1. Of the residues Trp394, Trp344, only one is touching a Pro at 6+ places or on another chain (Cβ under 9 Å) and in contact (Cβ under 8 Å) with a residue 60 or more places away in the chain; which?
2. In segment 66-95, how many residues are over 28 Å from Asp481 (Cα atoms), in contact with a helix residue (DSSP H, G or I) (Cβ under 8 Å, 6 or more places away or on another chain) and of a type outside the set (Gly, Ala, Ser)?
3. Is it true that Ala279 is surrounded by 21 or more Cβ atoms within 10 Å (Cβ to Cβ) and either over 18 Å from Tyr438 (Cβ atoms) or not acidic (Asp, Glu) (or both)?
4. Please state which one of Ile306, Ile282, Ile288, Ile278 is in contact with a Leu (Cβ under 6 Å, 6 or more places away or on another chain) and either among the polar types (S, T, N, Q) or on the phi < 0 side of the Ramachandran plot (or both).
5. Looking at Ser404, Ser410, which one is under 24 Å from Val175 (Cα atoms), modelled with pLDDT of 95 or more and either in contact with a Lys or Arg (Cβ under 9 Å, 6 or more places away or on another chain) or open to solvent by less than 10 Å² (accessible area, probe 1.4 Å) (or both)?
6. Which one is most open to solvent (accessible area, probe 1.4 Å) among residues in segment 194-211 that are out of contact with any Gly (no Cβ under 6 Å at 6 or more places or on another chain) and of a type in the set (Val, Ile, Thr)?
7. Mind telling me which of the residues Asn134, Asn144, Asn220 ends up being modelled with pLDDT of 95 or more, within 19 Å of Val85 (Cα to Cα) and open to solvent by 10 Å² or more (accessible area, probe 1.4 Å)?
8. Residues in segment 293-312: is at least one over 30 Å from Gly441 (Cβ atoms) and assigned by the TED database to the domain that holds Val381?
Amino acid sequence: MKSNLPIPLLFLSLLFSFSWAALGLTHQQQHHSFLQCLNRHFGNANSISTVIYTQTNSSFSSVLEFSLRNARFSTPNTLKPLVIVTPSHVSHIQATINCSRTHGLQIRIRSGGHDYEGLSYVSQVPFVIIDLINLRSIDVDAENKTAWVQAGATIGELYYRIAEKSSTLAFPAGVCPTVGVGGHFSGGGYGMLMRKYGLAADQIIDAQLVDVNGKLLDKNSMGEDLFWAIRGGGAASFGVVVAWKVKLVPVPSTLTVFTVNRTLEENGTMLVHKWQSIAPKIHEDLYIRLFLRAVNSSQQEGKRTIQASFVSLYLGRADELIDLMQESFPELGLVKEDCIEMSWIQSIMYFPSDIPEDAPLEILLNRTGSAGIFKGKSDYVTQTIPETALEGLWQRFYEDETESLEILFSPYGGNMDDIPETETPYSHRAGNLFNIHYVVGWSEEDASESQRYINFMRRLYRYMEPYVSKSPRRAYMNYRDLDLGTNNIGPYTSYKQASKWGLPYFDKNFNRLIHVKTLVDPTNFFRYQQSIPSLSRG
């Protein structure tokens, strides 16, 4: 018998036929109606076949896994999306939002896939992924020192396009080139230029966002409150950001980097302790990060020790840097031979540990990357950690689970002290000496193995409690941590429940974020396990 379905819908219906067999009639009808809705909005088979991937599509797994960066959330038991939409036009996003609302499906929004708890591609209920990988154009206006960046671009792509136009313009964001700008910018986005120019979110001057009603808004039409909220409050709680307009910042044509490694046998404990009071107070043109990891001792065969790596970017020449370090941090013993002069874009290639020294700049355009298995956490420090506490921290590096443990200290101060904490939802400003990022990885995705490493990370986190911020103990939203708490999966949640994780991420700004959310998305459609909740009851 001849089918009465339009050709595009018949195409999608066949793709879903095997999935429907495992669903009840209600779900079958729901998803059938959802596909009909998409068909009406998309309009032609060619558009649908290149934008929508269902579970029976031969490319479904490769599309899902391409931007998946934490393999903890890629197991046979992980609920997969019913559909992945890879929009190439704003209308595809609008259609997906409207059809998902109408037919009771949640959505997840993914740009780079680096979120630590997989919240852009994991759900506990039937869902659809909007993967922004095809919306990645970048338009750099070097004369006006601005750029429009679509949300599916990576920061590596942004850096590359800036360097094409200018050797003296830059953008203050992170060091991992495969991170998507959509999530990175909307959660804050810090990097090696933070003490000079603040966060990525601090440089956003306009945005395009599709709201819960499917309307495309810019800064003027979305209003002051919503524009404030998406610049550090996690835009996925409020809509789908299509593009950001950002200010570019000036940098010298030649700057200087260095990496100096010191072990415990080389006065490592003293240097780490000293760094805490120097790095946040030193000249804002100088940024010195600190990486801590266990290594084999060069002095005692078969023994392990702790290595502190001081990794720096200075917006100036090497001679100036040597003078500044001699004045501010002579204990490190920096010498001219440690310093390398280069351009800003070359420094972007220098800092990621996985980029070979002789790699061409075009590697920044490479979006591929392997998925690790890891658990991360974060802290903010407001008072220097005593040497005795550091010595206790070193002991944690000798436990069985710490082969790939890394702890990163990132200094604040400089311009971060000057920007009011209410300027954006990112409230971690003056008063913070540095941020701590903890991450531990392992090789096999086994439930008991994963729990063992996660338990280790929780023990380490408990050990650090006396030495970090309090009331609340703060955390960085872009290092998502579900240990802090979750929302209900339903449309409403309580303030008490949400505040367990909301106050650590946003402190006093959390209340304003809830107010904005309640105004712009009263039914809490844009929700996930740590989304800003709507407290509407209407």
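1. On the way: Trp394 fails: touching a Pro at 6+ places or on another chain (Cβ under 9 Å).
One residue alone meets the criteria, Trp344.
2. 3
3. yes
4. Ile306
5. Numbers: Ser404 fails: modelled with pLDDT of 95 or more.
Residue meeting the stated conditions: Ser410.
6. Within segment 194-211, the match that is most open to solvent (accessible area, probe 1.4 Å) is Ile205.
7. Numbers: Asn144 fails: within 19 Å of Val85 (Cα to Cα); Asn220 fails: within 19 Å of Val85 (Cα to Cα).
After ruling out the rest, the residue left standing is Asn134.
8. Scanning segment 293-312 turns up no residue that is over 30 Å from Gly441 (Cβ atoms) and assigned by the TED database to the domain that holds Val381.
The values are calculated or read from the model by the stated rules, or taken from the named source; none is laboratory data. Please read all numbers here as calculations on a predicted model, not as lab measurements. Cβ sites come from the backbone with ideal geometry, for glycine too, and all protein chains shown count toward neighbours. Only protein heavy atoms, including side chains, enter the accessible area calculation; ligands, DNA and RNA are left aside. Shrake-Rupley method; radii C 1.70, N 1.55, O 1.52, S 1.80 Å.
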